[in-house]
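Input: a single structure, listed below in structure tokens.
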Amino acid sequence: MPSLRGKTLFITGASRGIGKAIALRAAADGANIVVAAKTTEPHPALEGTIHTAAAEIEAAGGRAFACAVDIRFQDQIRAAVEGAVARFGGIDVLVNNASAISLTGTLETPMKRFDLMHQVNARGTFACSQACLPHLLKSDNPHILTLSPPLQMRGEWFAPHLAYTMAKYGMSLCVLGLAEEFRSAGVAVNALWPRTVVATAAVQNLLGGETTMRGSRSPRIVADAAHVILSRPSRDHTGQFYIDEDVLRSAGVTDFGQYAIAPGEGLIPDLFV
């Protein structure tokens, strides 16, 4: 089986949810994980900190470096990247996972929230990619994987939550542009998005609570799909907008019931698919 053993992954938003799941899957191979996230102290509504995530990663077999990073701030990104290179000798993979969400209509979206989504989602993805690329270019199998949706210019994805869609599509545009810009250098730049809703804090707190959680899949499905993508030779695939279920089917997975939060419940499709 392909392995990420010895590879260094810089994962934004890795203190919980999908980011942590990707980290734990890579850690099982013996990878080095940079936990680049904001939460340093326990939060009443959000499980996990960079330190608890780092402890789980090391327990799973990886090496962890916990970095307090708000990706809205370039100096914090640069400090984390420099620390990661000093600790592990380089960076092989960047996972742009950190994201802000507000599924609100135009009249209900405060500009402060609009700014947050664009600073974290589109700008943060660009800034982290820019900071990591000089080191990725030195890797023998460099990857950037961004958790963002396929680019489908259909009004149904814009009308209900224009500000959020713009911010998420900004992440996807980074994938499109960076993939072509760095194709000849051998850097794989791809997007990954779930077929169904994934059980995360956003679902629990913002998107319908327990009812939606029961129609969700575990973050492990995205982590397993990410592992497949990141284990591939970087020159063989770039500029792709992958769906987790499709990636796993192509890798021979047939049992998707293992990922259901409530087996037997109807699954809820995610946005943008």
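The values are calculated or read from the model by the stated rules, or taken from the named source; none is laboratory data. Keep in mind the model is a prediction, meaning the values are calculated, not measured. Note that each Cβ is placed from the backbone with ideal geometry, even for glycine, and that neighbours are counted across all protein chains shown. We work out accessible area using only protein heavy atoms, side chains counted, and drop any ligands, DNA or RNA first. Shrake-Rupley method; radii C 1.70, N 1.55, O 1.52, S 1.80 Å.
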So, of the residues in the range 55-78 that are farther than 20 Å from Ser99 by Cα and out of contact with any helix residue (DSSP H, G or I) (no Cβ under 6 Å at 6 or more places or on another chain), which turns out to be most open to solvent (accessible area, probe 1.4 Å)? Arg63
Report every pair of residues separated by at least 6 positions or lying on different chains whose Cβ atoms are under 9 Å apart, first residue within the range 11-25 and in contact (Cβ under 8 Å) with a residue 60 or more places away in the chain and closer than 15 Å to Ala100 by Cα, second of a type in the set (Lys, Arg) and surrounded by fewer than 24 Cβ atoms within 10 Å (Cβ to Cβ). Gly13/Lys38
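Within the range 148-168, how many residues are touching a helix residue (DSSP H, G or I) at 6+ places or on another chain (Cβ under 8 Å) and open to solvent by less than 50 Å² (accessible area, probe 1.4 Å)? Break it down stepwise before answering.
Start the filter on the range 148-168 by keeping residues that are touching a helix residue (DSSP H, G or I) at 6+ places or on another chain (Cβ under 8 Å), which leaves 148-151, 157-158, 162-168.
Imposing the further condition that a residue be open to solvent by less than 50 Å² (accessible area, probe 1.4 Å) reduces the set to 148-150, 157-158, 163-165, 167-168.
So the answer is 10.
Having 2 or more residues that are crowded, with 19+ Cβ neighbours inside 10 Å and at pLDDT 95 or above is the bar; report the helices (runs of 4 or more DSSP H) wholly within the range 194-273 that clear it. Please lay out each step first, then the result.
Numbers: elements: 201-206, 209-214, 220-231, 244-250.
Output list reads 220-231, 244-250.
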Quick check on Ala66: is it without any contact (Cβ under 8 Å) to a residue 12 or more places away in the chain and more than 24 Å from Asp244 (Cα to Cα)? no
Read through the list (1) over 18 Å from the mean Cα position of the chain (by Cα); (2) within 28 Å of Phe10 (Cβ to Cβ), then give the number of the only condition that Gln258 fails. (2)
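For the range 150-168, which positions are of a type in the set (D, E, K, R) and either in a loop (DSSP other than H, G, I, E, B) or farther than 12 Å from Ala191 by Cα (or both)? Before you say what the answer is, go through the steps one by one.
Filtering the range 150-168 down to residues of a type in the set (D, E, K, R) leaves 154, 156, 168.
Matches in the range 150-168: Arg154, Glu156.
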Please work out which residue is most open to solvent (accessible area, probe 1.4 Å), limiting yourself to the range 169-186 and to residues that are outside any helix (DSSP H, G or I) and in contact with a Lys or Arg (Cβ under 9 Å, 6 or more places away or on another chain). Arg183
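When you scan the range 168-179, do you find a residue that is free of Cβ contacts under 8 Å to residues at least 12 places away in the same chain and within 20 Å of Arg232 (Cα to Cα), even just one? Reasoning before the result, please.
First pass over the range 168-179, keeping only residues free of Cβ contacts under 8 Å to residues at least 12 places away in the same chain: 177.
The next check asks that each one be within 20 Å of Arg232 (Cα to Cα); those that pass are none.
No, that holds for no residue.
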Among the numbered criteria (1) in contact with a Ser or Thr (Cβ under 8 Å, 6 or more places away or on another chain); (2) in contact (Cβ under 8 Å) with a residue 60 or more places away in the chain; (3) under 26 Å from Leu136 (Cα atoms), which single criterion is violated by Leu230? (1)
